[in-house]
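Every read-out reported here was derived from the displayed coordinates using simple, explicitly stated rules and does not represent laboratory data. All of these numbers come straight from a predicted model, not from anything done at the bench. Here the Cβ positions follow ideal geometry from the backbone for every residue, glycine too, while neighbour counts run over all protein chains shown.
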Amino acid sequence: MYKALLLIFFFLLSNLYSQDHNEEEVIFLEEVTVNAIRDYKDRVIIKTEGKRNATFSVAEKSIFVSRISNIPEGKISSIKFYFNRRKKTNFTENSFRLKIYHINSELQPGRIINKNDIRFLVTPDHKGEIELDLLNMDLQHLTEIYIGLELLNNNEELGFSLDCITSSDSFSFYKRANSDEWLKIPNIKIRNQLVVVK
């Protein structure tokens, strides 16, 4: 299955909701489509550069983000992530939340940008890309961000793999759930594809 059936939830959880999200908007979408993005004539596609020879996987609830720089003027319309390409047969179903941050003065993830709680499922049999439609989020005038995913469930073992890129000048940040400490991971970043429309 090369295309995922995505379940995206824009909703609030009164007890489990993350403190860095705004509790005002409640939107529910059962399936993501990105056909509207193709109607734009002026599109800029930003892909991560480096060697595609790494994956990221954890068993515990946590957040993993990478930096994207030199974003051109326009509106961010979609983001692609790539899952479960590693040779493994015992992947599990996992729930993720999209995370987008400003960059603070210490060059770490700072204030949260996306105020909606955007979630999706990756099924055990999914292998390949998952594309999220961000066009209605009004993500404009952002030249540099941290973007990544929060794993919302715990696993007994590593239940997924997220494609990553390695390069000497790249790095990412990781932190466990309910922790304020970001841990820097050198020479690796999430493989993604960002689309900006004008």
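Among Glu150, Glu131, Glu144, which is more than 23 Å from Asn70 (Cα to Cα) and not β-branched (Val, Ile, Thr)?
Going through Glu150, Glu131, Glu144 in turn, the sole match is Glu150.
Residue by residue through the range 84-98, note down the ones that are free of Cβ contacts under 8 Å to residues at least 12 places away in the same chain and either under 28 Å from Pro186 (Cα atoms) or acidic (Asp, Glu) (or both).
First, the residues of the range 84-98 that are free of Cβ contacts under 8 Å to residues at least 12 places away in the same chain: 87, 89.
Listed by number, the list holds a single entry, Lys87.
Quick one: in the range 153-198, which of the residues that are in a strand (DSSP E or B) and acidic (Asp, Glu) is nearest to Arg67 (Cα to Cα)?
Step one: filter the range 153-198 for residues in a strand (DSSP E or B), giving 162-176, 183-190, 192-197.
Add one more test, that the residue is acidic (Asp, Glu), and what stays is 163, 169.
Numbers: Asp163: 15, Asp169: 11 Å.
My answer is Asp169.
Going through (1) within 16 Å of the chain's Cα centre (by Cα); (2) surrounded by fewer than 21 Cβ atoms within 10 Å (Cβ to Cβ); (3) within 20 Å of Ser78 (Cβ to Cβ) one by one, Leu162 falls short only on (2).
In the set Glu106, Glu150, which member is outside any strand (DSSP E or B), of a type outside the set (Val, Ile, Thr) and farther than 22 Å from Arg43 by Cβ? Spell out the reasoning first.
Values: Glu150 fails: outside any strand (DSSP E or B).
That would be Glu106, the only listed residue that is outside any strand (DSSP E or B), of a type outside the set (Val, Ile, Thr) and farther than 22 Å from Arg43 by Cβ.
Suppose we filter the range 99-129 for residues that are under 13 Å from Phe83 (Cα atoms), surrounded by fewer than 20 Cβ atoms within 10 Å (Cβ to Cβ) and in contact (Cβ under 8 Å) with a residue 60 or more places away in the chain; how many remain? Step through it out loud before you land on a result.
Keep residues of the range 99-129 that are under 13 Å from Phe83 (Cα atoms), which gives 120-129.
Then keep just the ones that are surrounded by fewer than 20 Cβ atoms within 10 Å (Cβ to Cβ); that gives 121, 123-125, 127-129.
Next, only the ones that are in contact (Cβ under 8 Å) with a residue 60 or more places away in the chain stay: 121, 123, 125, 127-129.
Of the residues in the range 99-129, 6 are under 13 Å from Phe83 (Cα atoms), surrounded by fewer than 20 Cβ atoms within 10 Å (Cβ to Cβ) and in contact (Cβ under 8 Å) with a residue 60 or more places away in the chain.
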